[in-house]
Amino acid sequence: QRAKPSAFQLTLRPDNIGVITIDVPGEKVNTLKAEFVEQVNDVLLKAQQHTALEGLVIISGKPDSFIAGADITMIAACTSAKEAETLAKKGQSTLAQIAAFPVPVVAAIHGACLGGGLELALACHSRICSLDEKTALGLPEVQLGLLPGSGGTQRLPRLIGADKALDLILTGRHVRARQALRMGLVDDAVPQSILLQTAIERVKRGWQSKRELPWQARLLNGPLGRSLLFSIVRKKTLEKTHGNYPAAERIIQVVRTGLDQGSASGYEAEARAFGELAMTPQSAALRSLFFASTALKKERGGNAQPHALHRVGILGGGLMGGGIACVTATRGGLPVRIKDINETGINHALKYSWDILGKRVRSKRMRPAERQKQMMLISGSTDYTGFEQADIVVEAVFEDLALKQQMVAEIEQHAAPHTVFASNTSSLPIGHIAAKAQRPQQVIGLHYFSPVDKMPLVEVIPHAGTSEETIATTVALAHKQGKTAIVVADRAGFYVNRILAPYINEAARCLLEGEPIESLDKALVDFGFPVGPITLLDEVGIDVGTKIIPVLVAELGERFAAPAAFDAVLKDGRKGRKNGRGFYLYPSEGQQRQRRKRADTSVYLLLGITPKSHLQPATIAQRCVMMMLNEAARCLDEGVIRSARDGDIGAVFGIGFPPFLGGPFRYMDELGAGTVVKTLEYLQQRYGEHFAPCEKLRRMAQQGERFYP
Ligand code: NAD
């Protein structure tokens with residue numbers, strides 16, 4: 001068997017500077033693999049054999065990536081903490097050789113330089129990056145429940161100061177070239193065309209004097225400053241993680257060890273923590289979400305080929321239409337034509353994108369000229385001009401069946417014979433919207449979540465007569481818009497709202513039992529949701545719920561009914577944040593903003609209750625979450641979702657189900673079907689029939705089955 005060609009190739013220039021090109025054979029982007037340890041050792045050895053060598057430049061041979069990170073399957077393959085620790089130690093010692101290399105080594109970075117890639121760059125003596133938009137530097141390991149295991153937790157704080165390093169490592173966020181330069185992460189940022197040349201010149205200038213940290217960072221590096229910094233970071237982190245993400249705590253610990261006890265102890269601690277974190281259920285859950293969403297991005301929703309997408313039409317320029325137009329143009333780069341019944345709708349949609357791009361311009365992530373260019377992709381009118389060229393039309397008009405059927409008829413009249421009609425309805429059956437269509441095979445549901453530019457999920461909903469090509473075309477549009485798409489059945493509430501409704505209803509029942517609004521929300525935020533159920537209801541719109549609940553009750557039964565007392569809230573004209581009246585107080589313009597949101601206590605009067613906390617937070621969370629889990633299992637049983645994987649992605653990306661639990665199905669596997677059924681039965685006895693465990697869970701409990709192999 002022939003040895004694989006190395007990903008690290010050395011060329012020696014006539015001026016005695018060596019250039020190491022990283023180019024993983026047969027892959028589109030560079031990722032680090034276990035076998036590279038030897039390849040790096042070999043290439044460094046080869047370089048050292050040139051006695052006249054003056055320095056090294058490390059650059060990538062790929063168009064878009066320096067090194068985009070480590071291959072995660074490598075970590076998933078580890079069966080013990082010791083094994084994962086050894087992996088980290090190998091990485092550390094390989095990079096230590098670069099750091100100790102006898103002549104200057106400069107990293108020339110263009111494209112993604114993430115995780116292990118940035119750790120490699122940090123081990124070099126200097127870093128130059130390209131000013132290109134594709135260039136992004138970061139240590140995203142925390143997002144997989146891990147920490148940078150090849151020296152990143154030690155080198156970064158020394159380079160840019162503990163405060164900035166902790167921020168980067170704890171959030172996992174990326175920085176672009178200019179920001180990297182400002183924070184001292186790179187020594188220069190230049191156009192890509194002169195990247196290699198600049199790096200070579202830097203090598204020629206020899207060892208650089210060390211850049212001094214700014215005075216604030218130096219202050220924080222002193223013993224007193226350090227104590228203060230770490231206590232603040234600990235507190236802030238806990239406020240965000242609620243103790244649910246062990247990686248965050250270990251990162252803080254390991255960085256501190258390195259600063260207090262020196263690098264050697266720091267590297268030790270880093271490798272040990274990496275090994276232990278790799279074995280945590282939290283990391284396993286986060287990695288499984290990562291694999292699932294990567295896999296979903298490659299799927300077409302079936303076997304058919306999508307129709308090519310050149311132009312998109314949008315009906316309705318309201319809250320949703322404005323957002324859909326924005327992601328289509330700015331993410332997808334596709335021309336968008338909006339039709340509304342009045343100019344206000346069109347202007348609203350244009351302003352939506354203008355404002356979002358404005359934020360990018362202000363934060364220097366986008367040039368004003370680029371904003372103009374992207375805005376040129378969006379146009380609108382009150383008639384159907386331009387729709388004849390649309391390959392797909394996304395409908396986001398008012399939630400009214402007759403109106404949506406009329407929209408189908410008008411599109412069939414004004415657009416091309418191949419045009420797909422995708423409805424963003426949140427409650428109407430897609431089959432009904434297609435009922436009068438001449439080309440029902442081209443009608444489908446495409447359900448977005450608000451705010452469209454932020455929420456990563458869409459549900460794609462074929463009705464019984466939708467063609468495979470229509471599904472593929474719709475999934476292709478979602479991907480272009482940067483969304484993760486799950487294909488779900490045309491049943492009431494589809495998937496996300498169907499599992500959300502029982503969860504919110506249970507929170508409502510707790511409220512009617514007298515549990516205060518804030519303690520309900522706090523219980524679920526502590527459990528790991530980004531916001532509590534009552535806040536969510538205010539955000540989504542209390543009136544929106546009233547459209548969906550009756551559909552769920554009519555098709556699936558009384559267990560979906562909202563507590564009757566809730567009618568009083570709606571009758572009082574409360575729609576939530578959008579009209580400034582809901583379960584919380586929303587100060588009107590000019591009024592002083594409160595630091596913390598406060599509940600509107602007049603709701604208690606409306607509901608006829610005297611609030612008094614009486615339930616344990618764990619009980620509140622258990623009641624709400626168990627209702628969601630039970631319904632998710634039903635959805636899988638009834639074929640509403642195609643797999644447990646899709647159900648997990650839907651809940652995490654659509655609702656914010658705690659990612660560290662991996663989604664409702666991973667969580668049920670972690671608990672075991674037997675425990676889930678027993679808990680539901682206990683709740684059924686105490687709180688009512690609506691907790692009765694579904695058939696699927698009972699069967700699984702009896703047979704000791706799991707959702708995932
Ligand atoms: P909206 O009221 O903000 O916007 C609706 C827009 O449609 C308005 O600008 C209106 O002028 C326009 N319109 C009405 N009749 C029209 C016609 N005949 N031709 C062209 N335009 C017309 O509503 P929204 O919140 O954007 O919701 C739109 C759709 O999206 C609804 O079906 C809703 O159920 C669904 N949806 C909403 C949310 C949400 O959170 N708001 C989430 C998912 C889905």
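The values are calculated or read from the model by the stated rules, or taken from the named source; none is laboratory data. All of these numbers come straight from a predicted model, not from anything done at the bench. Reconstructed Cβ throughout: ideal geometry from the backbone, glycine too, with neighbour counts over all protein chains shown. In case anyone asks, the SASA skips ligands and DNA or RNA and just uses the protein heavy atoms, side chains included. Shrake-Rupley method; radii C 1.70, N 1.55, O 1.52, S 1.80 Å.
One table, with the values for the structure above:
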item: Cα-centred dipole magnitude for region 295-350, charges only on beta-carbon of K, R (+1) and D, E (-1), debye, nearest 20; result: 300
item: Percent antiparallel among DSSP beta bridges (both partners in region 1-131, rounded to 5); result: 25
item: Cα centre as origin, Lys/Arg/Asp/Glu Cβ charges: the chain dipole, Debye; result: 1900
item: Spatially proximal aspartates and glutamates relative to residue 28 (Cα-Cα < 20 Å; intrachain offsets below 8 disregarded); result: 64, 71, 132, 133, 299
item: Dipole axis of the chain (+1 Lys, Arg; -1 Asp, Glu on Cβ), positive-most option in 213, 501, 345; result: 213
item: Share of carbon and sulfur in the accessible heavy-atom surface of region 554-709 [1.4 Å probe, %]; result: 47
item: Rounded percent of accessible protein surface that carbon and sulfur make up, region 175-224, 1.4 Å probe; result: 56
item: Listed residues 17, 541, 273: farthest to the positive end of the dipole of the chain (Cβ charges); result: 17
item: Accessible area (Å², per residue) of the chain, counting only protein heavy atoms and a probe of 1.4 Å; result: 44
item: Spin-label model distance (nm) - residue 432 vs residue 399, 7 Å beyond Cα toward Cβ; result: 1.2
item: Rounded to 5, the percent of DSSP beta bridges in the chain classed as antiparallel; result: 25
item: Partners for residue 82 among lysines (Cα-Cα distance below 16 Å; same-chain residues under 8 apart left out); result: 90
item: Under the Debye formula (equal points on every Cα, no solvent term), log10 I(q)/I(0) of region 295-355 at q = 0.21, 0.24, 0.29 Å⁻¹; result: -0.80, -0.92, -1.14
item: Antiparallel bridge percentage (DSSP; both residues within region 358-503; nearest 5); result: 25
item: Percent breakdown of C-alpha pair distances by 10 Å bin, ordered from the shortest bin, for the chain; result: 3, 13, 21, 23, 21, 13, 5, 1, 0
item: Within the accessible area of region 37-127 (1.4 Å probe), percent carbon and sulfur; result: 56
item: Sparse-neighbourhood loop sites, GluC sites (Glu not before Pro) in region 140-220 - DSSP loop, at most 16 other Cβ within 10 angstrom; result: 212
item: Cleavage-rule hits, GluC sites (Glu not before Pro), region 630-701, DSSP coil, Cβ neighbours within 10 Å at most 10; result: none
item: Backbone HN-Hα couplings from phi across region 351-368 [Karplus 6.51/-1.76/1.60, Hz, Gly and Pro as x]; result: 5, 3, 5, 4, 5, 5, 5, x, 4, 5, 5, 5, 8, 6, 8, 9, 7, x
item: Vicinal HN-Hα couplings computed from phi for region 473-483 (Karplus, 6.51 cos²θ - 1.76 cosθ + 1.60; Hz; Gly/Pro x); result: 5, 5, 4, 4, 4, 4, 5, 4, 7, x, 9
